[in-house]
1. Give me the pairs, please: first residue somewhere in the range 125-144 and assigned by TED's automatic domain parsing to the domain that holds Val104, second residue anywhere and among the small types (Gly, Ala, Ser) and surrounded by 12 or more Cβ atoms within 10 Å (Cβ to Cβ), beta-carbon distance under 6 Å, and either six or more positions apart or on two chains.
2. Those residues that are exposed (fewer than 14 other Cβ atoms within 10 Å of the Cβ) and within 53 Å of the chain's Cα centre (by Cα), I need them from the range 126-156; list them, please.
3. Given the conditions (1) farther than 20 Å from Tyr272 by Cβ; (2) over 40 Å from the mean Cα position of the chain (by Cα); (3) of a type in the set (Asp, Glu), which single one is not true for Asp211?
4. Please specify each residue of the range 564-573 satisfying the condition of being small (Gly, Ala, Ser) and in a helix (DSSP H, G or I).
5. Considering only residues that are part of a helix (DSSP H, G or I) and among the β-branched types (Val, Ile, Thr), look in the range 147-204 and name the one that is farthest from Ile137 (Cα to Cα).
6. Look at Val355 and say whether it is aliphatic (A, V, I, L, M) and touching a strand residue (DSSP E or B) at 6+ places or on another chain (Cβ under 6 Å).
7. Quick one: which of Arg286, Arg317, Arg271 is within 30 Å of the chain's Cα centre (by Cα), assigned to a strand (DSSP E or B) and basic (Lys, Arg)?
8. Considering only residues that are outside any loop (DSSP other than H, G, I, E, B) and modelled with pLDDT of 85 or more, look in the range 49-66 and name the one that is surrounded by the fewest Cβ atoms within 10 Å (Cβ to Cβ).
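The values are calculated or read from the model by the stated rules, or taken from the named source; none is laboratory data. Small disclaimer: the values here were computed from a predicted structure and weren't measured. Please note: Cβ atoms are built from the backbone with ideal geometry, for glycine as well, and neighbour counts cover all protein chains shown.
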Amino acid sequence: ATGRRRCVRAVGEAEHDAHGEPRRLVGALQDITERKALERRLADSERFVREITDNLPLRISYVDAQGCYRFVNQRQSERFGRPREEILGRTRAQLLGSPDDPTVAQAFRAAIHGTAQRFEFKEEAFGQARTIESQLIPDTGTDGRIKGIFTIGIDVTERKATERTLRDITDIFDNTTDFVIQTDWRGQLQYMNPAARRARGLELGASVQGDDYEQFNTEETLRRHRDEIMPAVRRDGVWLGETTVLGQGGRIVPVDHMVIAHRDAQGRISRYSAVMRDISAEVQARQQLQLQTIILHSIAETIPAVVAVVGSDGNYRFANRAFELWCGRPRGMVVGRSLQEVLGEDDYQRSLPWVQRALAGETVSFEKEYAGRAHNRHMAISFIPLRVDGSAVEGFVAMAQDITEHREEAHRLLMLSERDALTGVLNRAGFERYLQHKVLEGDAAGLALLYIDLDRFKPINDTHGHPVGDEVLRQFAARLQAAVRPTDAVARLGGDEFAIVLSGVREKAHADTVADKVVEAAHAPFYTGALQLEIGASVGVAQGAADGQGWQGLVARADAMVYRAKAEGRGRRA
């Protein structure tokens, strides 16, 4: 009638005659336009609510008084892994296939009696343990009875893990001896951990809000903050290094320092964190080590000994000034090079057994002779294994001392001790040492010994005095030296007894020839001042010291032959 479309509900019934045939249709129409509009609004409202709840990161549902689900959003459906149609009308226990969690069951009973609940519980979903924070809100009707419960749940597993991590980090910051400080982007202090507070002499509960971070730094550190640290942090996000800060009472504390820049979602720096470790002991130890290094370096450079350090790889790691002078190379051409390169192959092979023993951990000492050198001909050398912290051998320290003068002096003293002071030829000690040396060299079979006893010498001493007798002995020793080869030895054994040791004698005839020369030399006149003096000599000859009696047997046989020569009339050999 108004020109608008209407929704109607039609009801009709057929009337029949006496024969059962339909005669007419009796019916009525009901206007249901408003009801349909209401149904559409309800459907739109439900769709709107579902769209909202399906897009929230929450589990939202409604259960009736019997615990059956009447509404679930998408997150709740995903929890059970079923479509909504399979969830509605069922209880939680039916959907899980097992009795409900006691915490959840207890909370449901309390909520169905009208008390809202908020709690957490653990659940196993698709093989993963999750933590759920849940709210149960009773739905009370106009008559005061509980019709159902609105449930809201949120998965807080990650949040709980984050909270635990934050608690752990807080525990670390509270208990570490490192200084931990945080400021806003302007450098105003926001946080100081207990260690940093103690270092500054601040009470643990004292507020640091608004304090400037710069007041804790030394002038040098502030300069570095401005010129080095902050530019690096803004560029790279982090800076690491060593600085100094001010401790309690203005004490300067060296620290191992890290500064971190934290950025917001827009990439702007919102705050800074600094972690500092007190390295006072380390710096002191480092300074002490540096001082020791300087002292040791100074000692190594000033001592007259040749000092070098050789690594386990056989390469030089250090050489002092004396080593440079000894090898004739600057240390730049020594350090990093091998023993073979620096010493040369021959000298290296001579040193190799000692090197191997030193690298095996043994301290060794030995002497080496460098015959071709004008200086440092004789060196006393020690190899001392180099260990770091008592571990394996890292190489060895080589120390060499020039003992040329010592050796020459020792040789001179030895010569003096083995030489006859009057005549300059060997004395008895030198004579015996010479024989021992020859036997040890393997010349025992080719040795021959002439034992000489002067005849008529005592009357010269008695008549003309000992100075004249001494001159005769000197002249006779000179005549003996002229009668033998440079490789032979002449000795005065004491008084008027002499000896000659001949080497390489194959036949006794050679020794007899020399003995005859000695007899002839003794018979020739001796002149001293205005005096002409005559003496003689008896010579005992013995050959070979390889008979098992050694050089002592050779001497005994020659001595026996002297007595024989004297017994046969003196002035001859036997």
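1. Taking only residues 6 or more apart or on different chains, the pairs are Ile132/Gly153; Ser134/Gly153; Leu136/Ala107; Leu136/Ala111; Ile137/Ala116; Pro138/Ala111; Asp139/Gly148.
2. Phe126, Gly127, Gln128, Ala129, listed by residue number.
3. Every condition holds for Asp211 apart from (1).
4. Just the residues of the range 564-573 that are small (Gly, Ala, Ser), to begin with: 565, 567, 569, 571.
Passing the criteria: Ala565, Ala567.
5. Ile172
6. Numbers: aliphatic (A, V, I, L, M): yes; touching a strand residue (DSSP E or B) at 6+ places or on another chain (Cβ under 6 Å): no.
So Val355 does not fit the description; no.
7. Values: Arg286 fails: assigned to a strand (DSSP E or B); Arg271 fails: within 30 Å of the chain's Cα centre (by Cα).
Within the list Arg286, Arg317, Arg271, the selection yields Arg317.
8. Step one: of the range 49-66, the residues outside any loop (DSSP other than H, G, I, E, B) are 49-54, 59-64.
With modelled with pLDDT of 85 or more added as a condition, the list becomes 59-64.
On the way: Arg59: 22, Ile60: 21, Ser61: 24, Tyr62: 18, Val63: 23, Asp64: 16.
Result: Asp64.
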